[in-house]
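To keep things clear, I will list the structure first and then write my remarks on it.
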């Protein structure tokens with residue numbers, strides 16, 4: 001198991017540690033529901049240093065990104081972030097990622113922890129034009145400071161005007177006395193906030209500064225358990241659950257990051273799929289009857305015929321009801337359609353609803 005630069009800090013703070021994507025990570029501190037509530041109502045801090053970061057630099061950096069990613073990165077400007085995915089050659093997804101434009105010839109890609117090596121190898125095979133690629137994952141720490149009070153809690157640590165930053169933009173500057181920190185108005189919770197990228201050597205001092213500055217705002221450390229319930233309430237995809245090597249971006253509802261005004265890996269086949277229509281679709285649903293849907297549970301119709309499967313499910317702490325994501329045959333994907341989830345051999349009633357679940 002790899003550790004992040006803050007693993008010992010989490011243990012001292014009483015975190016329950018679990019293996020996740022090859023890293024020793026905190027799953028919870030005070031409990032998932034309490035931590036979830038902290039992020040929705042105040043401000044919480046996630047150590048997500050297990051994520052991967054690649055720097056792509058050179059005259060052809062944008063061309064390489066355009067070749068391997070589905071979104072149109074030519075629309076980016078300095079300080080802008082874009083959500084995208086890396087399609088494979090078989091109609092599925094290698095990974096979903098964020099693309100940061102640092103300047104005209106320099107980009108940072110942020111990829112999922114479990115896919116760092118896979119993504120690096122995938123992108124490298126298309127690098128035929130001398131783009132300089134650097135994997136900075138092992139020396140980069142990443143904190144996600146999330147919640148409605150995040151800007152107020154962090155403002156005393158930087159002269160970047162946090163409240164005026166637009167969603168999906170970033171600035172590089174001094175933070176907690178450390179130079180060259182990337183402060184990004186992004187996150188995976190739907191609660192607002194920022195993500196901070198910096199070198200490992202500064203991890204403990206920045207962590208301590210964030211907690212000291214955030215104390216009057218009720219700041220708390222948050223584990224991966226609440227990260228999952230928060231993202232699921234927003235209907236955000238998790239790689240390995242809701243999207244993978246076999247799911248098409250169009251089936252996954254990622255048509256909005258699949259731009260056919262350029263050529264990219266497998267774009268012709270995806271365009272054909274769009275024209276022909278998809279046979280299954282990722283949907284949100286909420287349980288009507290009692291029961292919690294879990295990954296890989298079957299979804300059936302009123303007659304018990306299998307029409308799909310659950311990819312993510314939980315009891316939503318904010319809504320006090322069970323919710324989930326799953327793939328169903330397209331004819332069952334309409335809002336309000338009644339479906340059933342097989343839980344311990346029982347068909348438990350649910351209905352299709354359009355995410356986000358939490359408004």
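Could you please give the count of residues in region 335-350 that are outside any strand (DSSP E or B) and either out of contact with any strand residue (DSSP E or B) (no Cβ under 7 Å at 6 or more places or on another chain) or buried (at least 20 other Cβ atoms within 10 Å of the Cβ) (or both)?
Final tally of qualifying residues: 2.
Here are some residues: 58, 52. Which one is touching a residue at least 60 places away in the same chain (Cβ under 8 Å) and within 27 Å of residue 245 (Cα to Cα)? Talk me through it step by step, then tell me what you get.
Values: 58 fails: within 27 Å of residue 245 (Cα to Cα).
After applying the criteria, what remains is 52.
Condition first: under 20 Å from the mean Cα position of the chain (by Cα), surrounded by fewer than 16 Cβ atoms within 10 Å (Cβ to Cβ) and either assigned to a helix (DSSP H, G or I) or outside the structural domain of residue 38 (by TED's automatic domain parsing) (or both). Now tell me which residues in region 137-169 satisfy that.
138, the sole residue that qualifies.
If a residue must be over 13 Å from residue 239 (Cβ atoms) and assigned to a strand (DSSP E or B), how many such residues does region 88-121 contain? Working first, answer last.
Of the residues in region 88-121, the ones over 13 Å from residue 239 (Cβ atoms) are 89-91, 99-109, 117, 120-121.
Next cut, assigned to a strand (DSSP E or B) only: 99-103, 106-109.
Total meeting the criteria: 9.
In region 243-261, is there at least one residue being in contact with a helix residue (DSSP H, G or I) (Cβ under 8 Å, 6 or more places away or on another chain), under 29 Å from residue 36 (Cα atoms) and either surrounded by 15 or more Cβ atoms within 10 Å (Cβ to Cβ) or modelled with pLDDT under 95 (or both)?
Checked against the condition, which is being in contact with a helix residue (DSSP H, G or I) (Cβ under 8 Å, 6 or more places away or on another chain), under 29 Å from residue 36 (Cα atoms) and either surrounded by 15 or more Cβ atoms within 10 Å (Cβ to Cβ) or modelled with pLDDT under 95 (or both), region 243-261 yields at least one hit.
For region 16-41, which positions are surrounded by fewer than 20 Cβ atoms within 10 Å (Cβ to Cβ), part of a loop (DSSP other than H, G, I, E, B) and on the phi < 0 side of the Ramachandran plot?
Result: 30, single match.
So, residue 240, is that one within 21 Å of the chain's Cα centre (by Cα) and at positive phi or not?
yes
Would you mind telling me which numbered condition in (1) outside the structural domain of residue 198 (by TED's automatic domain parsing); (2) surrounded by fewer than 22 Cβ atoms within 10 Å (Cβ to Cβ); (3) within 21 Å of residue 238 (Cβ to Cβ) residue 85 fails?
Residue 85 satisfies all of (1) outside the structural domain of residue 198 (by TED's automatic domain parsing); (2) surrounded by fewer than 22 Cβ atoms within 10 Å (Cβ to Cβ); (3) within 21 Å of residue 238 (Cβ to Cβ) except (2).
Pick from region 1-15 the residues that are in a loop (DSSP other than H, G, I, E, B) and in contact with a strand residue (DSSP E or B) (Cβ under 8 Å, 6 or more places away or on another chain): which of them is nearest to residue 320 (Cα to Cα)? Break it down into steps so the answer makes sense when it comes.
Let us first name the residues in region 1-15 that are in a loop (DSSP other than H, G, I, E, B), namely 1, 3-6, 13-15.
The next check asks that each one be in contact with a strand residue (DSSP E or B) (Cβ under 8 Å, 6 or more places away or on another chain); those that pass are 1, 3-6, 13, 15.
Numbers: 1: 35, 3: 34, 4: 33, 5: 35, 6: 33, 13: 28, 15: 25 Å.
Once the filter is applied, the top-ranked residue is 15.
The values are calculated or read from the model by the stated rules, or taken from the named source; none is laboratory data. Remember, it's a predicted structure, so these values are computed and weren't measured experimentally. Quick reminder, even Gly has a Cβ in these numbers, built from the backbone with ideal geometry, and neighbours come from all protein chains shown.
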